[in-house]
Amino acid sequence: MSLIEYKGFGGVPLAADMLGDENDPAVLLVPEVGQGRTAWREVAEALVLSGRRVVNLDLRGDRELAPHIEDLRAVLAQMGSRPVVVAAGRGSWIATRALGLDGAHLAAGLVLVDMPVDEDAVESGVAARLALPTLVVRGGFSPAQDSAASEAFNAALPFGESADINECDLELASDRKEALLGQLLEFLERRQPREAMEFKAGSDPRTLRDAMGCFATGITIVTALDAAGTPVGLTANSFTSVSLDPPLLLVCIANTAGTAPVLRGAAHFGVNVLQIGQQPASNRFAARGEDRFANQPWAPGQTGVPLLGGSLVSFECQRESLHEAGDHFILVGRVVRAQFEPHRDPLLYFRGKYRRLHFA
Ligand SMILES: Cc1cc2nc3c(=O)[nH]c(=O)nc-3n(C[C@H](O)[C@H](O)[C@H](O)COP(=O)(O)O)c2cc1C
């Protein structure tokens, strides 16, 4: 995240957090008047994880709407691409007026979250001039008794759609924030689609890796003993459960891995599924030149294979079969024993980054 400064109306400096990859489609977050950009922070981080570039803007400390409207137009003109503007509370009033003239030139879409009733926008014709995809998310400031006025606003929008999230405001309980995020992401995917990536047979392996990385996995450390009885192991996320009867699992090991010869010849091996606290172990068992077992608690299983203490689950396997598969080999193991602690949270891996579970 980096802090940047835009020039608002009359040269007034406006601070903003910039998050995410500059090549991703942009979203501009506008807070409720009187609230700073911290109000949007969690939403901003979640949007980045969904492949969006986010500019999280601070408004000037002014109660009048007019300077804010000019500020927003100035910021949009300084942005390199047309963002989707997502505004909260009275920030929505500002955004509708800033975009009610030539909005489609400045922004790719507009999301109004929890906008207080805005009869003036209907009467003045501002709503009717919002010629860009607009999502109205109703919440705590736009309760049921104002529904007629809200309906009039929605009806005036040329490209409008609406969603209802009861009592949604930016002080949301986390389940409400999830509901808002769900609506937001669905709108962004439809109205501001990301450019699809493509891999074709014969093109670069990096793109294929990125495509494969779209499959979220857990992480394991595969272990065995070498001929001298020394423990070896490597980090692997290519783990799959294969069969219940007989109990089989598999991992795919690169032929170039230093541990490959040991794993190819091992009669037994272990697969340790990592929990959230074992990220350092995952790094260590993927890095070259590390003494991987130096600070790693482990104990031999009943077949002697090293099992890592504190894992979510440790499978002890007898080698069932081995299949050559391109630059990897598939090691299939028959589970002889599994020790697990299901109350722990898993360490996850997705698009080249560690992740953690997040329950909606
Ligand atoms: C998250 C993650 C998942 C990985 N999954 C695999 C895998 O499934 N198979 C594999 O051969 N290497 C995998 N690797 C790479 C190995 O851990 C890495 O190349 C390691 O240095 C190999 O160690 P070695 O050469 O000592 O055997 C993975 C690495 C990371 C960080």
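Laid out as a table, the results:
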item: Residue within region 33-46 that is closer than 21 Å to Arg73 by Cα and touching a helix residue (DSSP H, G or I) at 6+ places or on another chain (Cβ under 6 Å) present; result: yes
item: Index of the failed condition, Val43 passing every other in (1) open to solvent by less than 40 Å² (accessible area, probe 1.4 Å); (2) more than 15 Å from the chain's Cα centre (by Cα); result: (2)
item: Residue among Leu208, Leu248 that is farther than 27 Å from Gly289 by Cα, surrounded by 13 or more Cβ atoms within 10 Å (Cβ to Cβ) and in contact with a Gly (Cβ under 8 Å, 6 or more places away or on another chain); result: Leu248
item: Considering residues of region 266-304 that are within 15 Å of the ligand (Cβ to nearest atom), of a type in the set (A, V, I, L, M) and over 15 Å from Ala236 (Cβ atoms) only, the residue surrounded by the fewest Cβ atoms within 10 Å (Cβ to Cβ); result: Ala294
item: Options Leu312, Leu307: the member that is more than 12 Å from the ligand (Cβ to nearest atom) and within 16 Å of Asp226 (Cα to Cα); result: Leu307
item: Residues within region 341-360 that are in contact (Cβ under 8 Å) with a residue 40 or more places away in the chain and either closer than 10 Å to Gly270 by Cα or in a strand (DSSP E or B) (or both), tallied; result: 8
item: Some residue of region 101-116 being modelled with pLDDT under 95, open to solvent by less than 10 Å² (accessible area, probe 1.4 Å) and touching a Gly at 6+ places or on another chain (Cβ under 6 Å); result: yes
item: Qualifying residue in region 150-157 (condition: in a helix (DSSP H, G or I) and under 31 Å from the mean Cα position of the chain (by Cα)); result: yes
item: Neighbours by Cβ (under 7 Å, 6+ apart or cross-chain): first from region 23-41, assigned to a strand (DSSP E or B); second open to solvent by 60 Å² or more (accessible area, probe 1.4 Å); result: Ala26/Ser81
item: Region 230-259, subset in contact (Cβ under 8 Å) with a residue 40 or more places away in the chain and away from the ligand (no atom under 14 Å from the Cβ), residue farthest from Arg337 (Cα to Cα); result: Val242
item: Region 195-213 residues that are within 21 Å of Arg52 (Cα to Cα), paired with ones that are part of a loop (DSSP other than H, G, I, E, B) and of a type in the set (Asp, Glu) (beta carbon under 8 Å, 6 or more apart); result: Thr207/Glu198
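Residue-wise test of (1) of a type outside the set (Asp, Glu); (2) surrounded by fewer than 20 Cβ atoms within 10 Å (Cβ to Cβ); (3) out of contact with any Asp or Glu (no Cβ under 9 Å at 6 or more places or on another chain).
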site: Leu57; (1), (2), (3): yes, no, no
site: Arg63; (1), (2), (3): yes, yes, yes
site: Leu72; (1), (2), (3): yes, no, yes
site: Leu76; (1), (2), (3): yes, no, yes
site: Ile94; (1), (2), (3): yes, no, no
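The values are calculated or read from the model by the stated rules, or taken from the named source; none is laboratory data. Worth saying up front: this structure is predicted, and the values here are computed from it rather than measured. FYI the Cβ positions are ideal-geometry reconstructions off the backbone, even for glycines, and counts take in every protein chain you see. Remember, those area values only see protein heavy atoms, side chains included, never the ligands or the DNA or RNA. Shrake-Rupley method; radii C 1.70, N 1.55, O 1.52, S 1.80 Å.
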